[in-house]
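Please read the structure below before turning to the comments.
Taken together, the values in this text are just the output of simple stated rules run on the coordinates, not laboratory data. As the structure is a prediction and not an experimental result, all values here were calculated from the model. Note that each Cβ is placed from the backbone with ideal geometry, even for glycine, and that neighbours are counted across all protein chains shown.
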Amino acid sequence: MGKRGRVGKRGRRIFNLGRGSVNSQAKISHVAKLNILRPLFGFLFSTVAAADPIPPDMVLIPAGTSVIGSEQGMEDERPVFQVQLPDFLMDRTPVTVAAFGEFVQQTRYVSTAEQFGDAAVMQFGTGRWFLQPGANWRYPLGPDGDAAPDDHPVTQVSWDDAQAYCSAQGKRLPSEVEWEFAARSGHEGDVSYAFGDKLLKEGDFLAGIRLADIWQANTWNGTFPIINTLEDGFATTSPVGYFGLSPAGLSDMAGNVWEWTADWHGSYAGRESADDAPTTGSSKVQRGGSFLCEAGVCHGYRVSARSHSTPDSSLMHVGFRCARDV
Ligand SMILES: [Ca+2]
């Protein structure tokens, strides 16, 4: 997995920044418990352990049926269709900077942004996107910006980078349908966000006084792209797991960073199952919204919202998580 050649010609790097930027644009593994029981059950244990395929950093998404899309959503979220999926596993959180760094150290992988020497950064205040020289997964805003914190989702990674990482872990990127299915998992009926229907959770009472409401996602607070009031506490990325856990046990499925999926972006017209995603295209779907999404502009952190970019795009508000068959 050494250094690859430059991906295409620079002029072909067309950033479809999608709504996220134009607008700018559990199961706990039983392995630990079983290790305690190992001396007691000897041979029997080995049989039980082999039957438990869920690593601690992943969640089992149970098989079932679900609607995909929203008739109230943007044009590319319609028409709604239904899918049936088997059990599968999803990473609990987006891949962190530390985890990606470990992968780079082990494989000497060189990311797309490092090959090009730049990556896409949005100018706060104007919403203008530009290719920032020296921006990459280590320094998402460029060499003069802060280093990416270890426990934040890795950004400035292309679809190709995401694919390479997941493959090295024996995993894969989730399909677009799997991503939405997982976001909806654990909810009865329709739901707005992976963590529920309310972006603000009412604060608890302390000594008879109700504390401030709690944000459930890292989004854009205020008027995009001019004013970010930072009510949720973060101007860019936030630590994984900090915001709104879904009933299925997944964090950061709304806000923080958009997440690459395996699929090409295309219309839902004619879709009838999980198996008929487009086989070709120019851009790959991202899901989940980001810290740049304001509800009045893109509202990209809804379960059905979609964005997309060319596979060699590296952006300051896009990361990924991996999935795996059971
Ligand atoms: Ca924020």
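At-a-glance table
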item	result
Some residue of the stretch 133-149 being more than 21 Å from SER290 (Cβ to Cβ), crowded, with 22+ Cβ neighbours inside 10 Å and not hydrophobic (A, V, I, L, M, F, W, C)	no
Single residue of the stretch 221-249 satisfying the filter (hydrophobic (A, V, I, L, M, F, W, C) and over 18 Å from the mean Cα position of the chain (by Cα)) that is farthest from the ligand (Cβ to nearest atom)	ILE226
Residue pairs meeting the criteria (Cβ under 9 Å; at least 6 apart or on separate chains; first farther than 16 Å from ARG302 by Cα, in the stretch 213-228; second near the ligand (Cβ under 8 Å from one of its atoms) and small (Gly, Ala, Ser))	ASN228/ALA235
Of residues in the stretch 305-315 being of a type outside the set (A, V, I, L, M, F, W, C) and in contact with a strand residue (DSSP E or B) (Cβ under 7 Å, 6 or more places away or on another chain), the one surrounded by the most Cβ atoms within 10 Å (Cβ to Cβ)	SER307
Qualifying residue in the stretch 270-281 (condition: within 16 Å of the ligand (Cβ to nearest atom), over 16 Å from the mean Cα position of the chain (by Cα), surrounded by fewer than 20 Cβ atoms within 10 Å (Cβ to Cβ) and among the aliphatic types (A, V, I, L, M))	no
Boolean, GLY289 is within 12 Å of the ligand (Cβ to nearest atom), under 14 Å from the mean Cα position of the chain (by Cα), part of a loop (DSSP other than H, G, I, E, B) and at positive phi	yes
Residue tally, condition at negative phi and in contact with a strand residue (DSSP E or B) (Cβ under 9 Å, 6 or more places away or on another chain), over the stretch 212-234	15
Selection from the stretch 179-203 of residues that are crowded, with 24+ Cβ neighbours inside 10 Å and among the acidic types (Asp, Glu)	GLU180
Flag if ASP276 is more than 19 Å from MET74 (Cα to Cα) and either touching a Ser or Thr at 6+ places or on another chain (Cβ under 9 Å) or assigned to a loop (DSSP other than H, G, I, E, B) (or both)	yes
Total residues in the stretch 178-208, condition outside any loop (DSSP other than H, G, I, E, B) and at positive phi	1
